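The structure under discussion appears below in the form of structure tokens.
What follows is calculated from the coordinates using simple rules that are stated; it is not laboratory data. For clarity, every value in this text was computed on a predicted model and none was experimentally measured.
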Amino acid sequence: MATAKTTKAATEGKTKTVIKVVVTAPAGPRRRAGYSFGPIETALTKEELGEKAEQLIEAWRADPMLKVDAREFEEPDTDPDAEQAAE
């Protein structure tokens with residue numbers, strides 16, 4: 001049985017709030033602007049989308065077959081600078 005690696009932040013309970021764009025295609029598979037979507041949520045940060053994040057989001061919102069939302073997610077804070085500042 002494989003075991004998941006835990007980070008120092010996860011074991012200490014430190015989290016950060018991350019805003020992600022959540023895209024679904026409720027009617028079935030859909031490709032738009034180089035990304036593929038389906039009925040299962042795809043959650044991406046603007047950093048993951050890169051320099052053209054705003055253009056991608058705009059293209060997805062223009063497609064009536066896609067549902068596009070923004071949501072906050074709690075994630076383990078793995079920022080090494082934050083760990084060093086706490087010490």
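Roughly speaking, what is the stretch gain from Lys52 to Ile19, that is 0.36 nm per residue apart minus the C-alpha to C-alpha distance, in nm to one decimal? Don't skip to the answer; put the middle values down first.
Working: separation 33, 0.36 × 33 = 11.88 nm, distance 1.67 nm.
Gain on extension, Lys52 to Ile19, equals 10.2 nm.
3J(HN,Hα) along segment 26-34, derived from phi through the Karplus expression 6.51 cos²θ - 1.76 cosθ + 1.60 where θ = phi - 60°, amounts to x, 7, x, x, 8, 10, 8, 6, x Hz, with x in place of Gly and Pro. Using just the C-alpha positions of segment 18-78 as equal point scatterers, what log10 of I(q)/I(0) does the Debye formula give at each q in 0.18 1/Å? Relative scattering, expressed as log10 I(q)/I(0), comes to -0.60.
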